Structure formats: structure tokens, C-alpha cells
1. Please go through (1) open to solvent by less than 50 Å² (accessible area, probe 1.4 Å); (2) at pLDDT below 95; (3) touching a Lys or Arg at 6+ places or on another chain (Cβ under 6 Å) for residue 121 and return the number of the only condition it doesn't satisfy.
2. Which of the residues that make up the range 305-336 are aliphatic (A, V, I, L, M) and either without any contact (Cβ under 8 Å) to a residue 40 or more places away in the chain or buried (at least 21 other Cβ atoms within 10 Å of the Cβ) (or both)?
3. Name the pairs whose Cβ atoms lie under 6 Å apart, with the first residue in the range 107-124 and within 23 Å of residue 148 (Cβ to Cβ), the second assigned to a strand (DSSP E or B) and hydroxyl-bearing (Ser, Thr, Tyr), and 6 or more positions between them or separate chains?
4. Determine which member of the set 139, 162 is buried (at least 22 other Cβ atoms within 10 Å of the Cβ) and closer than 18 Å to residue 37 by Cβ.
5. If we scan the range 189-199, do we find a residue that is farther than 14 Å from residue 179 by Cα and open to solvent by 40 Å² or more (accessible area, probe 1.4 Å)?
6. Answer yes or no as to whether residue 295 is open to solvent by 30 Å² or more (accessible area, probe 1.4 Å), aromatic (Phe, Trp, Tyr) and at pLDDT 95 or above.
7. Among the residues of the range 138-173, what is the count of those that are farther than 22 Å from residue 202 by Cα and hydrophobic (A, V, I, L, M, F, W, C)?
8. Starting from the range 280-304, keep only residues that are of a type outside the set (A, V, I, L, M, F, W, C), then list their pairs with residues that are open to solvent by less than 60 Å² (accessible area, probe 1.4 Å) and assigned to a helix (DSSP H, G or I) whose Cβ atoms are within a distance under 6 Å, requiring at least 6 positions of separation or different chains.
Amino acid sequence: MNTATRPKVAFCRLLLCLFFAAPAMSPLLAQTGGINIFKFLNLPASARITGLGGYQLTQADGDVAMAYANPALLNIAQHQQLSLSHSFFPGNIQYGNVAYGHWITPWKVALQGGVHYVNYGMMDRTDEFEQVNGQFKARENALTIGASKALYERLTVGINLRFISAAYDNYQSTAFSSDIGALYRDTASGFSVALVGRHLGAQLGTFRPDNRETLPFEMQLAVSQQLSHLPFRFSVVYRYLNRWNVLYDDPNIAEPINFDGETIPDIRHPWVENFFRHFVFNGEFFFGARENIRFRIGYNHMQRKELSIDNYRTLAGFSFGLGFKVKRFRLDYGRGTYHAAGSSNHLTIATPLDFF
């Protein structure tokens, strides 16, 4: 077999294995909301990802925060890079991510470590009679370590291991999860394809006795292409490879219909609508000889359909971002529109520690 074709064959085999195994790795449920815990794990790890619609799995460069969603993106260019991100979310919720990358030359392995956290702030503790009996705090944290290694020149695989904890007043829970990713990258043509299984794990300590809940496991497939005569890279992410029906059963709609064995709202073309809710589209423009200035756009169709308001135009589902490189520092800003009531403003600063 030709050496150049081995990565393609290996990636195709991995894709087929995970495609057929995916249904057995997650519950066969229709809606995506309300059936899992620790949904904060899907929040974008950096302002760059926020500007790209919340999902980017194929961009393997010097940005160590990208490896939060796909550990196969870890590489030597992220050696000793520190990334600090913080987001101002609607409802005075704040969350952030800290990531550090390291390259081990003898093993030719890239490593990362980081923390993903959410602070919901102070909340009123009320009883069934709506009487306020003090306040309490709510928080969630995830500690991540990851590694990646190139199996071939164009094929890289990686894994993230994650310890998760959450505390809402007196209710606490812990869990362990992993992300497994693969990246096929042809630098000559600018083409990349990635396959990731995210949040594969189980709850260790439950919020209530004998009530074990599931993690938001998800299979994702992404492709991207760098254009030859334009400084632009576009990507397409297909979410929920392990689940077909992702339509939301809205109780406010009076005339539900049956789709794929499930009750859903009366949508004109349910098959087409369900199909496009799996997709996230994004693109990134590069300006300057060293690509020091970047502009990003993204569109999440599911987010737009689930968070838009009837008969009222909003930018729900759309996002944009800007990135600047000043000397050894990379500054990024991302804005994601979730609802007419509020948007997310995300800031990231990254620098290699050898600069100091």
C-alpha cells in the first residue's frame, strides 16, 4: 500500500467503526435538551470558537484552546502556550477556560492541561410558598488533561480525560469523561477532516441517591478547506452523528405530528429541518503577511431555530469574532447571539511562556 494513502485508509476505517458503534454508545432519545447533565461542557472554550459558531474541530495551529473540543488538534506549535479565556454570559453568568500546551520531543507527543469553569453567582433559596430563605451559590468545573500523537504524516489521534464536579447549594455531583478525536490533514491542499467522540463517560457521585444521570455524549464530524486564491478557510461541522432526530417537542404548538417514531411540532418539511439542525457553518478570514489579523463568522441552525422568537427578527444562531496578534500575544474577541434577551461576549488572551 502506498505510504501516502495509509492515513486516508486508517481514517476511513475509524470513521466506519465509530459510525456503526455510535448508536450503541448513547441513549436512543429524540430531543437533545433536558436528558443530560453537565451541559456546560459544550460551552466554547475560547473567544475564537465562539466567533466560529461554537464548534471548530479541524484547525490545528498554535492555539491550544482549540484542543478542548478535539484533542487531535494538539501539536508542537502549542508548546508552552498559555491561553486564558473568560466569557460574560446572559443572566450575569460567567464562565472561562484556562489551557496550557507542552510538547515532549523524545516521545513526539503533545500534551495539554486546563480548567473549564462556570460561576452562576448568588441565587435566592425559596420554598414552595415563594418565601426567600437566604441565598446559595452554584458552580461547575471540569479539569482536563489531554495528549495527541501523529500516527502518520497526515493522521493524528488524541484523547482528553476530564474530571467534572458541580455544586448547587447542598446538591453535589462528580463525573469522569473522555474525548477521543482523530484529524486527517493535508497541508498541501488545505483540506482537513476530523471525527470526535465527546463526553464519553459516567457520573461518579449523583445529586440524589440512586438517580444516576447521563453525560451529553455526542459524535461530531467536521470538514474544512483553505481556499487557494483567497485568505479564507471555511468549515462545516455535523453534530449528533449518533442521533438522527434532534427536533424539539414544543408543548406550545397545538398540532404535533409523528416523525421518525417521535412526536414533534407541525413543521412543514420535518426531514429537511431536522437535517439542517445538525450543522454548524463557519469561516475565518486571514489578513496580513503573517495572518496577524483574523475575522470570523459562524452560523448554528439549531441554535437559531430553538432560540428565535416567532414574528420577531433576531440574530440568534449567528456569531462573529476578531483576532489580533501583537508581538507574542494573541488577543481574541467573540460574540455569540443566543437570544433577543442577551448575547455572549468572550475574551481570550494567549502567549507562549518562553516569552518571559
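1. Looking at each condition in turn, residue 121 falls short on (3).
2. The first filter runs over the range 305-336 and keeps only residues aliphatic (A, V, I, L, M), leaving 307, 309, 315-316, 322, 326, 331.
Across the range 305-336, the qualifying residues are 307, 309, 315, 316, 326, 331.
3. Sorted first by the residue in the range 107-124, then by its partner, the pairs are 110/148; 113/100; 114/144.
4. Values: 139 fails: buried (at least 22 other Cβ atoms within 10 Å of the Cβ).
From the options 139, 162, the qualifying one is 162.
5. Here is the first cut: in the range 189-199, the ones farther than 14 Å from residue 179 by Cα are 189-193.
Cutting the leftovers down to open to solvent by 40 Å² or more (accessible area, probe 1.4 Å) gives us 189, 191.
Checked against the condition, which is being farther than 14 Å from residue 179 by Cα and open to solvent by 40 Å² or more (accessible area, probe 1.4 Å), the range 189-199 yields at least one hit.
6. On the way: open to solvent by 30 Å² or more (accessible area, probe 1.4 Å): yes; aromatic (Phe, Trp, Tyr): yes; at pLDDT 95 or above: yes.
Yes, satisfied.
7. 4
8. Qualifying pairs under 6 Å: 296/51.
The values are calculated or read from the model by the stated rules, or taken from the named source; none is laboratory data. Not measured: the values here are computed from a predicted model. Counting neighbours? That spans all protein chains shown, and the Cβs are built from the backbone with ideal geometry, glycine included. Keep in mind that these areas ignore ligands, DNA and RNA; they rest on the heavy atoms of the full protein, side chains included. Shrake-Rupley method; radii C 1.70, N 1.55, O 1.52, S 1.80 Å.
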